[in-house]
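Comments concern the structure below.
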Amino acid sequence: MAEHMISVEEARAIVLAHIAPTDVVEVETWRAVGLPLAEDVATDIDLSPFANSAMDGYAVHSEDLAVATSDAPVTLDVVGHEAAGHVYTGSVGAGQAVRIMTGAPVPEGLDAVVKYEIVDVLDGDGNEGSRIAFTHPAKVGENIREAGLEAHAGERVLAAGEVLTSAGAGLAASAGHEKVRVHRAPVVGVLSVGTELVGVTDVPARGQIRDANATALLAAALEAGAEPRFFGIARDDEAAIAASVHEMVASCDFVITSGGASAGDYDFIEALVHREGEVLFDRISMRPGKAITFGILGGKPFLGLSGNPAAACVGFEMLARPAIRAMRGHTALDRSVQSARVDAPIAKRQARRFYDRARVVRDPATGTLAVDHSFSQNSALLGTLHRSNCLLVVPEGMQGLEAGDMADVVRIDLPEGAEL
Ligand code: AMP
Ligand code: MG
């Protein structure tokens, strides 16, 4: 049985070495927002397919307006119009212009669009048959969006691995893709272990507590990009736990339990993984969340988190979240880390790595980051984690930090890879 305590980095590397991206599926393009694309996206047509107007105005021959001034305006005849979807197909001679709406194709031979607001309508309503006056020359190409401005037919517009934004989804749509390929959401099973646990709608009797972890872990799994599935509460009973775990292994890509993970009299998780699979680690130099079992059971990655709610959540954050993201094909797996000033001394009695709940704020006067570390670090408390925006790192081997020291803070409120 693995015994020694490994670092968070080692633990993470072991977890990531034992998971693989899920299979590739096709989804409606808009549903892929926030996900890395599993495949390049190319366009079948020029984007845009034709040169079009960037303004509501008049399409002209720029040379007609070369001598236009406010003292000697140039007048042109309006010979046609183009509204959205309505294309002018006639020819346009010297001294003539076409009324044009934004996005309409610029008629053959015309090379500039003058916006409506700076054109004087002399007679008529501005449409066909009107005479209009210009007081300024127009530059070649003015207010015209060239054909193929975004991309040419056959070109790649989005690359595999890029995380799809909503703008990128729109671009894929322009390129003719109603669906795109992404890695399927891994099914993540969540099981709560503990005889003292009762359901959320139950009123606990003395000695019982409501199962908070399942809801927190299902939410965290959803947030990480998984399809979470709840497998209920298992009593601290070897056979009951094994039955639930077998069911999970058979139908999930990743199995997560909370509770029963330490070395207490009724902690069966590690023994189960050891007996039926392989334990890859069972202790991490991390607080909260020291007692974490990771292994392979029935060919599936298995993460046994400790039952203390904050420890379960921090353990998930450090190990399950990057794993789920990697299964979806993300390459940005690390949260952004900032250096911030500690406002008061932080004393620690152990040499483990601490991830303390804290809140980092930028002092508007000095522009420096300061950490509010006034939260209770009791691992039974979820409210303090809820109110935190970072985990403050007290490195291994340090007895704490002095007021004024700089500390690393892991920004759990920002997406992985965020530039700070
Ligand atoms: P364990 O890891 O089983 O030793 O549990 C450690 C502590 O976390 C105990 O106080 C448990 O009652 C509590 N705990 C375990 N599972 C849950 C859960 N699902 N929800 C809330 N508290 C839990
Ligand atoms: Mg327990």
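The values are calculated or read from the model by the stated rules, or taken from the named source; none is laboratory data. Bear in mind that the values here come from a model prediction, so they are computed numbers and not experimental data. In this analysis, Cβ positions are derived from the backbone assuming ideal geometry, glycine residues included, and neighbour counts consider all displayed protein chains. Surface accessibility is based on the protein's heavy atoms, side chains included, excluding ligands, DNA and RNA. Shrake-Rupley method; radii C 1.70, N 1.55, O 1.52, S 1.80 Å.
For the reader, a short list of remarks on this structure follows.
- Estimated dipole of the chain in Debye, rounded to 20 [Cβ of Lys and Arg +1, of Asp and Glu -1, Cα centre]: 1900
- The stretch 337-373: trypsin sites (Lys or Arg not before Pro) in DSSP loop, at most 11 other beta carbons within 10 Å: R349
- Counting DSSP beta bridges with both ends in the stretch 273-420, the antiparallel % (nearest 5): 90
- A153/T215 FRET efficiency (R0 56 Å; Cβ-Cβ; nearest 0.05): 0.65
- Rounded to 5, percent antiparallel among DSSP beta bridges of the chain: 65
- FRET efficiency for the V361 to A160 pair, using the beta carbon distance and R₀ = 51 Å, is estimated at 0.85.
- Cα-centred dipole magnitude for the stretch 156-283, charges only on beta-carbon of K, R (+1) and D, E (-1), debye, nearest 20: 660
- Annotation for H386 and A205: the two label points, set 7 Å from Cα along the Cα-Cβ direction, are 2.8 nm apart.
- Under the criterion of Cα pairs below 8 Å and six or more residues apart, the relative contact order for the stretch 274-420 equals 25 percent.
- Loop-located GluC sites (Glu not before Pro) in the stretch 387-416, at most 14 other Cβ atoms within 10 Å (DSSP): E402
- Ranked from largest, the principal axis spans of the Cα set of the chain equal 96, 53, 40 Å.
- Mean separation of Cα contacts under 8 Å (6+ apart) over length of the chain, as relative contact order %: 17
- Cleavage-rule hits, chymotrypsin sites (Phe, Trp or Tyr not before Pro), the stretch 242-276, DSSP coil, Cβ neighbours within 10 Å at most 11: none
- Summarising the label geometry, the points placed 7 Å from Cα in the beta-carbon direction at H86 and H136 lie 2.8 nm from one another.
- The accessible surface of the chain, taken with every protein chain in place and a 1.4 Å probe, is 52 percent carbon and sulfur.
- Extreme residue, positive dipole direction of the chain, given options L76, A66, A38 (C-beta unit charges): A38
- Calculated accessible area for the chain comes out at 47 Å² per residue, all protein chains present (probe 1.4 Å; ligands, DNA, RNA ignored).
- Approximate spin-label separation D334-E26, in nm, with each point projected 7 Å along Cα-to-Cβ: 3.8
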